[in-house]
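Q: Below: one structure in structure tokens.
The values are calculated or read from the model by the stated rules, or taken from the named source; none is laboratory data. From a predicted model like this one, the values you see are computed outputs, not experimental measurements. Don't worry about glycine lacking a Cβ; one is built from the backbone with ideal geometry, like all the others, and counts go over all protein chains shown.
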Amino acid sequence: MSLGLAAQTSIQDHIRDFTQDPELAGAAISISVVDAESGRMVGGHQDQMTCIPASTQKLLTTAAAMDVLGEDHRFTTKLLTTGSIENGVLKGNVYIIGGGDPSLGSPYLDGVLRMDAVLDRWRAAIAKAGIREITGRIIGDGSYFGTDGTSGGWPWSDIGNYYGSGAYGLNFHENFYFLDFLQRSSVGDIPPIQRTRPEIPGLKLTNELRSGPRGSGDQAYIYGAPFGYDNFVRGTIPIGTGRFTIKGAVPDPALFCAQRLCRVLEAAGISVNLPAESNRTLGDGQLAKGKVIDTYQSPPLRELIDRTNLRSNNLYAEALLRELNKARGRAPHELSSTEVLKGWLTEAGLPTKAIKLEDGSGLATRNFFSAAFMTAFLRHQRGALRWRQSIPLAGRSGSMRSYLKGTAAEGRLRAKSGSLGAARAYAGYADRADGQQLAFAIMVNNFTIESKDLRKKMHALMVEICRAEL
């Protein structure tokens, strides 16, 4: 086809070609492209058919959180002491009272103290209070969000890994650890575990991993449950001669945080007489009361939402869902519910009858809604400029930074991606050179081709949404 003829091809023509691609035979496809201002349909395919949205669902959670909580909302973590201090001896405990902050000790988020810096801050606060010995314990209190940190719909193969770590009242180091293996040179050999970074006290890893072909990538999974320290590592990593690293979920973030602080204190000469615990391991459901000696605040919500959407972080999305529920007065045992989120969508006038939401991040396999619902939501959000900045920009930021460079989409198309098993989706906005702003959603479920090949096809369609005739 000549370039002149290609320029006359409409968006709907490109959607038709995409859906009729023989390599997508049998896949469930829902596509909607609308004018963001008027709602006029520009193109679509089975736009009312519900599909698994994967991480595009984070757009819903972050929008609701920003609206209800406000973009300046911050999470607070407190360090407090109970009992009395006599001659440098604290006759009581030190509590780390979590306030749900997903960024506490993050190794990645700009502008926050890293894990060791947070611990040193707390050590300094304890020393400033005149404490040289603690007769009790260091206790991590994660009761703010309760124990239901992971959705019941999350797959068993996910919850032991960093992206399935869950959200708790006291999160630390984004609730994950690095797990280093030493690669082997022969396919089928067991690559030995070198270490975890940081050390997770009590963690037992049964290594059933094997070496896969060179270039086969990370196919390793950690199988473990929340609060469970007996984990299994299965799957493969490629052969090689170096170190290969994956990331696992910390089983009990509140306990881990307390253990790390206890170690730092003892290294600084401040003795702690009893082992570190969490409110859960102590069976203590009551929030401790005492003297607050340090108050630490997270960055504002707008920056946390940037990390949620730009890097598709499940922990942050789940923390936002739980904070949203608390703000709307839900009971502690209901903080993982999506009823408040769905209610917010209904209040916004969106058609929620045919949607199902089981979590805030999109990791659950029984979330579903249609492409038409997503574009209706995106139209509702078109004026939320700060929120829109959190959606990756093609060729420029987040998960889209490396894609669509040098195309009509670079710098013009914002797209949140989603990938979960045989589900892949994109949703966002296209600011076209002709001045039109389009909202779009492309959802493909039950495909059989390689995910990277489908991604290329979806990217090509998004380029056409930016340049083809309306």
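Q: Can you tell me which of 159, 126 is among the β-branched types (Val, Ile, Thr), touching a residue at least 40 places away in the same chain (Cβ under 8 Å) and part of a helix (DSSP H, G or I)? Steps first, answer last, please.
A: Details: 159 fails: part of a helix (DSSP H, G or I).
From the options 159, 126, the qualifying one is 126.
Q: Over 29 Å from residue 150 (Cβ atoms), touching a Lys or Arg at 6+ places or on another chain (Cβ under 6 Å), surrounded by 15 or more Cβ atoms within 10 Å (Cβ to Cβ) and aliphatic (A, V, I, L, M): does that describe residue 393? Explain how you work it out, then say what you get.
A: On the way: over 29 Å from residue 150 (Cβ atoms): yes; touching a Lys or Arg at 6+ places or on another chain (Cβ under 6 Å): yes; surrounded by 15 or more Cβ atoms within 10 Å (Cβ to Cβ): yes; aliphatic (A, V, I, L, M): yes.
Considered against the rule, which asks whether it is over 29 Å from residue 150 (Cβ atoms), touching a Lys or Arg at 6+ places or on another chain (Cβ under 6 Å), surrounded by 15 or more Cβ atoms within 10 Å (Cβ to Cβ) and aliphatic (A, V, I, L, M), residue 393 comes out as yes.
Q: Please enumerate the residues belonging to region 209-229 that are closer than 17 Å to residue 185 by Cβ and either touching a Gly at 6+ places or on another chain (Cβ under 9 Å) or not small (Gly, Ala, Ser) (or both).
A: 209, 210, 211, 212, 213, 214
Q: Which is surrounded by 15 or more Cβ atoms within 10 Å (Cβ to Cβ) and touching a Gly at 6+ places or on another chain (Cβ under 9 Å), of 198, 253?
A: Details: 198 fails: touching a Gly at 6+ places or on another chain (Cβ under 9 Å).
One residue alone meets the criteria, 253.
Q: Out of all the residues in region 93-109, which are crowded, with 16+ Cβ neighbours inside 10 Å, on the phi < 0 side of the Ramachandran plot and either outside the structural domain of residue 162 (by TED's automatic domain parsing) or not aromatic (Phe, Trp, Tyr) (or both)? Break it down stepwise before answering.
A: Here is the first cut: in region 93-109, the ones crowded, with 16+ Cβ neighbours inside 10 Å are 93-106, 109.
Those left that are additionally on the phi < 0 side of the Ramachandran plot: 93-99, 101-104, 106, 109.
Selection gives 93, 94, 96, 97, 98, 99, 101, 102, 103, 104, 106, 109.
Q: Report whether or not residue 151 is over 20 Å from residue 97 (Cα atoms) and modelled with pLDDT of 95 or more.
A: Numbers: over 20 Å from residue 97 (Cα atoms): yes; modelled with pLDDT of 95 or more: no.
No, not satisfied.
Q: Give the residues of region 390-432 that are among the hydrophobic types (A, V, I, L, M, F, W, C), in contact (Cβ under 8 Å) with a residue 24 or more places away in the chain and closer than 18 Å to residue 460 by Cβ, sorted by residue number. First the steps, then the outcome.
A: Kept after step one, since they are among the hydrophobic types (A, V, I, L, M, F, W, C), are these residues of region 390-432: 391, 393-394, 400, 404, 408-409, 413, 415, 420, 422-423, 425, 427, 430.
Of the ones still in play, those that are also in contact (Cβ under 8 Å) with a residue 24 or more places away in the chain are 391, 394, 404, 408-409, 413, 415, 420, 422-423, 425, 427, 430.
Scanning region 390-432 gives 394, 404, 408, 409, 413, 415, 425, 427, 430.
Q: Looking only at region 124-136, which residues are surrounded by fewer than 20 Cβ atoms within 10 Å (Cβ to Cβ) and under 12 Å from residue 95 (Cβ atoms)?
A: Correct list: 136 only.
Q: Can you find even one residue in region 115-122 that is outside any helix (DSSP H, G or I), at pLDDT 95 or above and either under 12 Å from residue 265 (Cβ atoms) or small (Gly, Ala, Ser) (or both)?
A: Our first condition is that a residue be outside any helix (DSSP H, G or I); within region 115-122, this holds for none.
No: region 115-122 contains no residue that is outside any helix (DSSP H, G or I), at pLDDT 95 or above and either under 12 Å from residue 265 (Cβ atoms) or small (Gly, Ala, Ser) (or both).
Q: Here is a follow-up. Has region 382-389 got at least one residue that is under 19 Å from the mean Cα position of the chain (by Cα) and without any contact (Cβ under 8 Å) to a residue 40 or more places away in the chain?
A: no
Q: Also, quick follow-up: Could you tell me whether region 210-218 includes any residue that is closer than 22 Å to residue 364 by Cα and assigned by TED's automatic domain parsing to the domain that holds residue 107?
A: yes
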